[in-house]
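A quick write-up on the structure given underneath.
Please treat every number below as a calculation from the coordinates, not as lab data. Because the structure is predicted, anything quoted here is derived from the model rather than measured. Note that each Cβ is placed from the backbone with ideal geometry, even for glycine, and that neighbours are counted across all protein chains shown.
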Amino acid sequence: MFRSLTAALLIAAAWPGLVLAGTEEPAAQAAPGRSLLTGVDGVVIALYFLGMLGIGWYYSRQNKTADDYLLGGRTMKPWTVGLSLFATLLSTITYLSMPGEMIAHGPMYFVALLAYPPIALVVGLLFIPYFVRLPHTSAYEILQSRLGGGVRTLGAVFFLSLRLLWMSVIVDATASIVLVPLAGLDPAYTPYVCAVLGATTVIYTSMGGIRAVVLTDVIQTFVLLGGALVSLGLITWQLGGVGSWWPDAWAANWDPPTLGYDPTARISVVGVLTATFFWHVCTAGSDQMAMQRYFATRDAVAARRMYYISLLASAVVISILALVGLALLAFFRENPQLLGAEQSVEATADQLFPRFIVVGLPRGMSGLVVAGLLAAAMSSLSSGLNSSCAVITVDFLDRFGRRAATERDHMRRTRYVAVSVGVLVVLLSTFVGIVPGNLLDIAFKVTNLLVSPLFGLFFMALFVRWATAFGTFVGAAFGLATVVAINYWELFTGEPGISFLWAMPLGLLIQVGTGALASLLPIGPPARPLAETNPPE
């Protein structure tokens, strides 16, 4: 229930004197003749977070059991859960990286949308019917029912590592790209802002449960979508029409267009399509945050509808954000005086959208979109913390420790876990900034490092009939080594390697291949049949 109040306090701390008065203007960052955030913006931010506070307080009174808290009683509506899944995976990383990618490297990544139809077919028809008929809270219980407790533990460790890195990048990106620059703070304050943001998220995560998370995610989806649409509309109006910002030539700073297979190119059509397909399939088929939403729906039909809604929302928002990036490129080239201190169009592309939010949007709308950006970050963090707490509790504490005697003890222990995970996320956020590249590069090299190794465990469990625990471990080792080598080849060798886009598909191919071969060796027991609670559809 403290979600909105503490977030509002965070904003007030970051912009002293601006939330209420709006009369101070940080010389290094404010646009000429206008404060960074006005008093109207401050009022909008306060009202927005008070509304979120009411939602959190309401649902904190509805949760009676751990199943209510984590899965919403398994009866949630597909469209709300679908938008929640989209908003959770969107976060500020995608919201800022897509326009920044368009500005700095060009529209090659936009072709990722062509991968969505096959993603929908594979996930909706192949994976979801398997998962929803299994009465689990943790996705990694599935691995134990097929390959044993050791593989389950490895899957839980992979997931926790993946989401800890993901949450760390969100905290760092929100602090360093949104809060610190817009507040006019010295970059040296970034670790402290990360700490406040992380502490804020920990406070509210233990309150409303997944119902509150889902509803606030839906609201934030429309807020962020509205902010992008208004930004696009205003730039179009100010510059005199779509033709004024639609590129009529390939910009000099954009990556050369590469249509066919070229593993050394940073971006190519085949590389983007392959990476997008594998990321979505791997995430939908192994990530606790996705699984938790399948389990929260009634049946396979509802879960499939939920996932399709999530994909549709993603396609719409990514399309709009890509167009926003092209419009921002033209806007700031036309108005370089509106750039902040030490900012340039190409070098600080990821910062131009939040910059436009405060210098280009009407009063009040700026405050709403900034609040939405912070809320999106904290929503993703809360979902990550909630899922991490579920995995730590179910896959480790309940298995290897003493079970909680009552539901109250269970909830109290979950809160302690949330605090511990939050502290670790803040500590890790101080290190992710050293990874070179823009936000898209960092997302693939850091937050996506374990996506395909984690999914490889599920692939072995579900689709390799002769899989063994030994073979699965061998495959995971080879797959992880491949992903790390591709992502950090230049760091290890000093020589450029193949594009980071190929890390997931090649890593998964090697993991499944070596795992299937190693499973043929007579080492360890064979896999058990996958237990089901309902007959297949």
Rounded, prolate or oblate, given the Cα gyration tensor of the stretch 104-196, with a/c below 1.5 counting as rounded? oblate
Assign one of three labels to the stretch 230-367, namely rounded, prolate or oblate, based on the Cα gyration tensor with a ≥ b ≥ c the square roots of its eigenvalues; rounded applies when a/c is under 1.5, prolate when it is not and a/b is larger than b/c, and oblate otherwise. oblate
At R0 = 22 Å the Cβ-Cβ FRET efficiency linking LEU517 and PHE463, nearest 0.05, sits at 0.90
Quickly rank 154-162, 393-401, 328-336 as a protection proxy: mean count of other C-beta atoms within 10 Å, highest first. 154-162, 328-336, 393-401
Potential lengthening between THR264 and LEU424 on full extension [0.36 nm per residue; Cα-Cα distance subtracted]: 54.1 nm
Rank the residues MET460, MET289 as a footprinting-exposure proxy: fewest other Cβ atoms within 10 Å of their Cβ go first. MET289, MET460
Want the number for ALA481 to SER161: 0.36 nm per residue separation, take away the alpha-carbon distance, what's left? 113.7 nm
Computed from the beta carbon distance with a Förster radius of 60 Å, FRET efficiency for GLU346 and LEU125 to the nearest 0.05 stands at 0.90
Just want the ordering: VAL391, VAL196, from fewest to most Cβ atoms lying within 10 Å of their own Cβ. VAL196, VAL391
How much length is gained on full extension from ALA249 to TYR416, taking 0.36 nm per residue of separation minus their Cα-Cα distance? 54.6 nm
